[in-house]
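Computed from the coordinates by the stated procedures, all read-outs in this text should not be read as laboratory data. For clarity, every value in this text was computed on a predicted model and none was experimentally measured. Here Cβ is always computed from backbone atoms with ideal geometry, including for glycine, and neighbour counts include all displayed protein chains.
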Amino acid sequence: MSELTVRESINQALAEELERDERVFLYGEDVADYGGLYQVTAGLQERFGEERVFDTPLSETTLGGTAVGAALTGTRPVVEIMFGDFLAIVADHLTNYAAKMHFNYGDGTSVPLVVRTNYGAGDQFGLHHSQSPIAWFQNVPGIKLVAPSTPHDYKGLLKAAIRDDDPVIFLENKLRYETEGEVPNGGYTVPLCRSDRKREGEDVTVVAIGGMVDVALAAADRLATEGIDVEVIDPRTVVPLDKEPIFDSVRKTHRLVVVHEAATFGGFGGEIAAEVAEEALFHLDAPIERVGAPFTPVPFAENLEEAYLPDEDDVIAAVRNTLGE
Amino acid sequence: MELTDERRTEVYESLLLTRRFEEAVLEAYESGGVPELPHLSIGQEAVGVGATYALEEDDWIAPSLRTRAPILMRVPLEEVVAGMYGTRSGPSEGRTTQHHMGSTERAILGTTGMVGSHLNVAVGAGLSSRQLGNDRVSTVFFGDGATTRGEFHTALNYAAVEDLPVVFVIENNGWTEETPIGQVAAVEEDLIEFAGHDLPSSVVDGQDADEVIAATAEAAERARAGDGPTLLEMKTYRYRPHAEVIPERRDEAEIERWKARDPVTIYRDRLLEEGIVDEGWLEDADASIRADVEAAFQFAREDPLPPEEAMYQVYADVEVDRDGGVVR
Amino acid sequence: MQRLTLPKGGKTMEEGTVVEWLVAEGEPVSAGEPVVLFESEKMTSEITASEDGVLLERAVEAGETVPVGTELGRIGEESDGSTDAGTVSGEDVGTASGEGVGTRAGETGSDRPESVDAGRGPGRSGSTGVEPDPGPFRAAPSTRRLAREHGVSLSAVAAETGARRLTPAAVEAVAAGSNPPTEDGPAPDADELVVEPVPNPEGDVLGSPWARTLAANYGVSLEAVADAAGTDRVRAADVTNYVERDAGGTTEPSATAAEPAVESAVEPGSDAGGAAIERDRTEPRVAREAPITGARGVMFERMGTVAGEYASTTTVARVDVTELLALYNRLSTAWGEDVPVSLTAFVVRAVGRSLPDYETLNAEVTEAKTLRIYEDVNVGIAVDTDDGLLVPTIYDANDRTVRGLSREVGRLASGAREGTLEHDDLQNGTFTVSNAGSLGAYINTPQINPPQTAVLGTCAIVDEPGIVDGEVVPRKFMHLTLTYDHRVVEGATAVGFLQEVKSRLEAPESLLS
């Protein structure tokens, strides 16, 4: 085991997969010589050469389109989109092309590409460099959406995403590149499409995704001092969703809180709530609580952004609500 | 490119097959018999036939939805027609129409309903050739309207800056759906004026298959040699509206003027003139192609609709249920 | 005004007979006073007045039998009789004196929610009697209870405060004779700000889905739970609290009295060891020769097979059943006589839950020497009868609730003793539970019922010292014995299964869901 940051674990995953599979290549704006805006790909061009790691024009249209074309024709491109907000530009190639070609072809052809991008409010980057794009893509059959929460999962899930035959949007929380955690030495993967129980508890189930897993765990620790035993489920892959562990947990605790970073309305939480209402309604002992952002763009001012971003207190309040407190 | 007499008869047969196929589509559509809305290329056949003929069989082709000739040259006719009917033997078991079909084995890149979104995809295929170290060229067909999209400029720029093996073929039929291209494109005369990039470009007579073959072969050779992409503007014309639901509103004289330079007729006359074929051969070829087309339509009409399971092909690497839930 | 309607005392009660009126027409009655006795399902119960007033009318005379919901009479002000047209709205029926009277009239009759009708019409102590009805007021059950405790009419509170939503503070104020806080007055304590995110239609009790599920499993009414908990939004904890405290009683039943008889399938044999009789030293005299036929004949054959062919091996676990017995006692009270709670049902429930993970135990050895693993879980329960052992079958035991299993155990046990079981009742078992505990066996090794592969024995429940949180305390224990055919069942499988059954029985609440 080593103590690695999220940034280091992503960098290791990329290096190991570039090493393992010659079809893998890494490209994007400023990823090569500069090492990426967040320095996630630092040192990789030096190690693997300009043929495997290279810069591109400032054109997400080119990145999206060429990644689809390359993936359709025998390679495994890993693209970095500088901010998740820019996925709106690539959305045509992701939703109409990448997501649909396996369906469109009759010979099993698929689109094994990975789009790495980041998201996350909290650093005053404002309304066009902070959004969480999960809900934009959760209604697109054919896309896989992965949002890890720990260095261990970042590394293992990214390696699995690169090896996966379907198009994967890999979401990195930009506020947590420095977060440290235990990562096994040597190669390992964490399977896509498998939910993970990050904390075992009896009283309330909290389903949290991406950066909100940390928030949920911190809230759970505080509640534990009052004897409230919170279970935290991290779906890790949002689409397609591994639902059963969530249902099992709710059947045990009878209470559900869903936490995510984007606006509550129309978000991932509503979908989880609906799934649980369909599958486990008669096990619920309280209305389902959703914790998310208000229905506004991400604001700039320090206090406004703080009010926007869900935090521990929000999760604790929601948990208390489900307990009728 | 060396064209033997035999290969030139094959070029003619491909032109004629494309023509007879689309005439049959129109006839079936007008009698209420085809579910897929036809976007016919009648009048433009020489572009697709000639360009495809100039390429190797494993060179990637990215057709637009109107580019039927390469599809017909690489995919069995019955499969294409079944694709129009949405039946089980179609290219994707009825999941999509043949308009957007893709086939890795036949080196055809699937496309979408977003005009021009396949340009960067074709550039990506060129990128694969470079990454994998093979010499497969990627040729992309698109209409004049696509040159007004950002896709066109970003794709040209990236292919040129990276010297990728791509041939860009504008099928300039003069009309962006129902608007003349000159009205919406800021060029003096030709769309290649848009190029301005560090890449060779030329205007080609799109009604003459031999001209198309020669220009495309030269571009493909340049690409294969590692000298980067070429932009070819094929001047051509479609005899039908953008799609069959749209009434014809172009000038009748304009249509007749182009019909006087019909690509099938031009090639037939040339083969006769040069003594490569005679009238008997021509009649025989036409009868044979008509019979093939008729048989393919007959096959598709009798082909059953797909089973419901056919549509549950969304992910290649995980099993999901009807509602996208992961099956463990 | 209070309408005296015939309450539905139990799920099966459809009608009742008025036994006796305790108050004559026109006589005054006070809140809490019994007014009329009725009989239903062999039980006599009373209906009490929920407010002070006069018995205005006896609509049904003694001796008459009427359907549930029928208005038996009315209590109110003298004037009510002439001004009230007496139309009975849907809400009125059955709510005036609450449900559950048939079985618990004496304990809880005075603890019922007041009729919603109390909020209609002019208030008893109001200054004006002719104001138009401003519509119903709202009061949470806790407020209603408070009003009852103070002997204050809610309509009076409504009339004096002019509020439509009555708070506990308003009730206290009226009871104390002081001026109640008005709606414009100072804000009440935070505790009294009853936040009601979803309007609750007056009088209706809302239950969370899980609370409803639990209540159904315990067989208690949601309204009773709501009333006891002082809420109109019942959660699961309210149900379990109710079952523990309100229905089960607050005092621990004494150890001897509460010991449930586990399916007393047969009377324990009488002790014959008293008088010593001197006998001749000759061969023993024969009392009689008994045929080995019938059930005993079957036992003879099967046990012979087992002894000769099976590699019978037994493993034992000691189970702390203290909580199980506490739950048993609560349920015995809650379910009443309709469903006699069965400890065997809990054991079968635990077995049914556990067996699917230990498939070689839910199996049989076929003649062709294959192991036939069953998908269905049909649990046989061994029952002693005068003619020998019978093993009737509970089909699909893993799909039944404890309540359902209790019913089935009761049916099969009495059917076995009375000889009324159907042919199907006695076959198709895939696993057997045998109870020697009712006979007092401390540890008993049961024998497998061939061709099955295992049998679970339950033994006597005994008071023994246990260790809880490091302290030695009196606990109740029961041994479980699992005999399995070691030819086809690994020891680890058998032990794992037994431990799982043990842990389920030690967390008995989990068996109710």
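Using a cut-off of 10 Å between beta-carbons, work out the net charge of the residues near C:Leu72 (Lys and Arg +1, Asp and Glu -1, C:Leu72 not included).
Details: positive: C:Arg3, C:Arg58, C:Arg74; negative: C:Glu57, C:Glu61, C:Glu64, C:Glu71.
The answer is -1.
Just checking the listed ones, A:Glu80, A:Glu178, A:Glu60: in the Gaussian network model of chain A with Cα springs under 10 Å, the one fluctuating most is A:Glu178.
With springs connecting C-alpha atoms under 10 Å apart, model chain A as a Gaussian network and identify which of A:Phe268, A:Phe54, A:Phe295 has the largest mean-square fluctuation. Evaluated over chain A, the most mobile residue of the options is A:Phe295.
When Lys and Arg each count +1 and Asp and Glu each count -1, what net charge do the other residues less than 13 Å away from C:Val489, Cβ to Cβ, add up to?
Numbers: positive: C:Arg487; negative: C:Glu359, C:Glu364, C:Asp485, C:Glu490.
Its environment carries a net charge of -3.
If you place +1 on the Cβ of every Lys and Arg, -1 on the Cβ of every Asp and Glu, and leave all else neutral, what size is the dipole of region A:196-322 about its Cα centre, to the nearest 20 Debye?
Numbers: 11 positive and 27 negative charges, 50 e Å.
Value, rounded to 20: 240 debye.
Could you pull out every residue, at least 5 positions away or on a different chain, whose amide H is within less than 5 Å of the one on A:Arg194? Hs are placed 1.01 Å off N in the peptide plane, and Pro or chain starts have none. Distant-sequence amide H within range of A:Arg194: A:Thr237. Working note: Karplus 6.51/-1.76/1.60 with θ = phi - 60° gives region C:330-345 the couplings 4, 5, 4, 6, 5, 7, x, 7, 4, 10, x, 5, 10, 5, 4, 4 Hz, where Gly and Pro are set to x. Listed by chain and number, the lysines whose alpha-carbon sits under 30 Å from that of C:Lys8, ignoring those within fewer than 8 places in the same chain, are C:Lys42. The string of couplings for region C:14-19 from the Karplus curve (6.51, -1.76, 1.60, θ = phi - 60°) is 10, 8, x, 10, 6, 8 Hz, one whole number per residue in order, with x for Gly and Pro. Averaged over peptide C:205-218, the number of partner chain Cβ atoms lying within 10 Å of each residue's Cβ comes to 3. Within the same chain, aspartates and glutamates fewer than 8 places from A:Lys144 are excluded, and of the rest, those with a Cα less than 13 Å from its Cα are A:Asp164, A:Asp165, A:Asp166, A:Asp242, B:Asp317, B:Glu319. The slack between B:Ala225 and B:Asp292, meaning 0.36 nm per residue of separation minus the straight C-alpha distance, is 20.2 nm.
Compute the relative contact order of region A:2-183 as a whole-number percentage, counting only Cα pairs closer than 8 Å that sit 6 or more residues apart in sequence.
Details: 363 pairs, mean separation 50.7, N = 182.
It comes to 28 percent, rounded to a whole number.
Please identify which residues in region A:1-38 have an amide N closer than 16 Å to a label point set 7 Å out from the Cα of A:Asn185, following the Cα→Cβ vector. Under 16 Å, as judged by backbone N against the label point of A:Asn185, lie A:1-4 of region A:1-38.
Considering only B:Ile192, B:Ile108, B:Ile42, the mean-square fluctuation computed in a Gaussian network model of chain B, springs between alpha carbons under 10 angstrom, is largest for B:Ile192. Separation of the alpha carbons by more than 27 angstrom is noted, of A:Lys198/A:Lys243; A:Lys100/B:Lys259; A:Lys100/B:Lys235, for A:Lys100/B:Lys259; A:Lys100/B:Lys235.
Starting from the Cα gyration tensor of region B:200-318, take the square roots of the eigenvalues, sort them a ≥ b ≥ c, and report rounded, prolate or oblate (rounded when a/c is under 1.5, otherwise prolate if a/b is larger than b/c, else oblate).
Taking the square roots of the gyration eigenvalues as a ≥ b ≥ c, region B:200-318 is oblate.
Region A:149-169 to region B:1-61: how many Å between their Cα centroids? Answer, in whole Å: 44. Comparing A:Thr225, A:Asn118, A:Gly28 along the charge dipole axis of chain A, the residue lying farthest to the positive side is A:Gly28, per the Cβ-charge model. Note on C:Ala62 and C:Ser513: their simple-model spin labels are 5.2 nm apart, each label 7 Å out from Cα toward Cβ. A simple rule links phi to the HN-Hα coupling: the Karplus curve 6.51 cos²θ - 1.76 cosθ + 1.60 with θ = phi - 60°, which for region C:411-419 gives 5, 5, 5, 6, x, 5, 6, 8, x Hz, with x for Gly and Pro.
Give the distance, in whole Å, between the Cα centre of region B:233-267 and the Cα centre of region A:289-316. About 59 Å separates the Cα centre of region B:233-267 from the one of region A:289-316.
Calculated [222 nm] ellipticity per residue, helices only, for the protein assembly as shown: -10000 deg cm²/dmol; basis is -39500 (n - 2.57) per DSSP H run with n ≥ 4, divided by all residues, nearest 500. Between C:Ser513 and any residue 5 or more places off or on another chain, the built amide H atoms are never under 5 Å apart.
Peptide packing for C:334-345, B:115-126, A:42-53 was compared via the average number of neighbouring C-beta atoms within 10 Å per residue; ordered from the highest value, the list is B:115-126, C:334-345, A:42-53.
Close amide H contacts of A:Leu26 (hydrogens built in the peptide plane, cut-off under 5 Å, sequence separation of 5 or more or a different chain): A:Val53, A:Phe54, A:Val78. Among residues other than B:Asp286 with Cβ under 14 Å from its Cβ, the summed charge is -4 (Lys and Arg +1, Asp and Glu -1).
For peptide A:14-24, the mean count of partner chain Cβ atoms within 10 Å of a residue's Cβ comes to 1. For the peptides B:139-152, A:2-15, the ranking by packing is B:139-152, A:2-15, with the highest mean count of neighbouring Cβ atoms within 10 Å listed first. Legend: mean number of C-beta atoms from other chains within 10 angstrom of residue C-beta atoms, peptide B:113-121, equals 6.
When both region A:1-22 and region C:459-494 are represented by their alpha-carbon centers, they are found 51 Å apart. Do the alpha carbons of any pairs in A:Lys252/C:Lys369; A:Lys155/C:Lys502; A:Lys252/C:Lys502 sit beyond 31 Å of each other, and which pairs? Among A:Lys252/C:Lys369; A:Lys155/C:Lys502; A:Lys252/C:Lys502, the Cα-Cα distance tops 31 Å for A:Lys252/C:Lys369; A:Lys155/C:Lys502.
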